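Participant: Below is the structure I would like to discuss, written out as structure tokens.
The values are calculated or read from the model by the stated rules, or taken from the named source; none is laboratory data. Since we're looking at a predicted model, the values are computed, not measured. Positions of Cβ are backbone-derived with ideal geometry, glycine not excepted, and every protein chain shown enters the neighbour counts. Keep in mind that these areas ignore ligands, DNA and RNA; they rest on the heavy atoms of the full protein, side chains included. Shrake-Rupley method; radii C 1.70, N 1.55, O 1.52, S 1.80 Å.
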Amino acid sequence: ELERIKVPSRKIKIFRYWVNLKVFTPLNRKKARIKLGWKKFTVFFVGRLIETKGVLLFLDAFKNMDSDVNLVIAGSGPLAQNVKKAAAEIPNLQYLGRVDNTKLPLYYSAADLVIVPSTVDEGFGFVVMEATACGTPVLASNRGGLEDSVSPTTGRLIEPNAQNFADEIQR
């Protein structure tokens with residue numbers, strides 16, 4: 001399109017999303033899990049606690065899930081009280097609040113799975129890139145840019161509903 005409107009080719013560069021691989025790099029999973037005290041299969045969510053990020057969806061999915069699975073949530077936002085309430089009611093749900101970006105590689109590396117349950121089309125997922133850079137597979141909604149960032153070698157895409165997420169996590 002730029003060439004069509006006569007922008008010289010030499011001035012056109014392709015922009016790709018990026019992640020700082022000096023920060024987001026795999027850490028020793030066993031040591032990371034020991035440091036965080038995680039013993040069970042752990043699913044990690046990090047993001048803004050708003051409805052379109054799928055917060056209520058995955059809380060609903062997790063209510064009826066096997067107690068051999070832990071869910072750890074990091075983030076802040078309007079639904080933080082919902083998450084705190086759920087964490088008080090569900091023993092294998094841990095709410096961290098906001099986690100500094102520099103500490104996220106520890107959590108990504110310790111997790112068995114990162115979940116991105118967005119309910120709407122959105123842009124490219126930085127959480128997906130960060131988790132993948134740390135060597136952790138991603139279970140994400142088949143929405144928007146997530147379809148471009150999750151491949152069969154890095155994770156799985158599914159239709160976002162509570163039952164699908166519960167089934168895939170159990171699998």
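Participant: Taking the Cα-to-Cβ direction at residue 102 and at residue 50 and moving 7 Å from each Cα, how far apart do the two end points lie in nm?
Facilitator: Label at residue 102, label at residue 50, 2.7 nm between them.
Participant: Taking only protein heavy atoms and a 1.4 Å probe, what accessible area per residue, in Å², does the chain have with all protein chains in place?
Facilitator: 57
Participant: Give the residue list of GluC sites (Glu not before Pro) in the stretch 1-109 that are DSSP loop and have at most 15 other beta-carbon atoms within 10 angstrom.
Facilitator: Loop-located and lightly packed - 1, 3.
Participant: Could I ask something else about it? Which label belongs to the value computed from this structure, given these candidates for Cα extents along the principal axes in Å: (1) 98, 35, 24; (2) 41, 39, 32; (3) 61, 33, 30?
Facilitator: Comparing each candidate, only (3) matches the computed number.
Participant: Still on this structure, I have one more. If I model a spin label as a point 7 Å beyond the Cα along the Cα-Cβ vector, how far apart are those points for residue 30 and residue 159 in nm?
Facilitator: So the two model labels end up 4.2 nm from each other.
Participant: Can you give the FRET efficiency for residue 23 and residue 147, using 1/(1 + (r/R0)^6), R0 = 25 Å, r = Cβ-Cβ distance, to the nearest 0.05?
Facilitator: 0.45
Participant: Can you give the charge dipole size of the chain about its Cα centre, rounded to the nearest 20 debye, using +1 on the beta carbon of Lys and Arg and -1 on the beta carbon of Asp and Glu?
Facilitator: Magnitude of the dipole: close to 900 debye.
Participant: Order 100-109, 23-32, 132-141 from most to least packed using the mean count of other Cβ atoms within 10 Å.
Facilitator: 132-141, 100-109, 23-32
Participant: About the Cα centre, and with charges only on the beta carbon of Lys, Arg (+1) and Asp, Glu (-1), how big is the dipole of the stretch 1-64? Nearest 20 debye, please.
Facilitator: For the stretch 1-64, the charge dipole is close to 500 debye.
Participant: Let me ask another. How long is the gain from residue 4 to residue 84 if the chain were fully straight, where each residue apart is worth 0.36 nm and the alpha carbon distance is subtracted?
Facilitator: 23.5 nm
Participant: Would you work out which of 164, 123, 134 lies farthest towards the positive end of the dipole of the stretch 19-171? Charges go on Cβ: Lys and Arg +1, Asp and Glu -1.
Facilitator: Ranked along the dipole, the leading option is 134.
Participant: For the stretch 28-71, what does the alpha-carbon gyration tensor say about shape, rounded, prolate or oblate, given a ≥ b ≥ c as the root eigenvalues, a/c under 1.5 as rounded, and a/b over b/c as prolate? It would help to have the intermediate numbers written out before the result.
Facilitator: Values: a/c = 4.14, a/b = 1.61, b/c = 2.58.
Verdict is oblate for the stretch 28-71.
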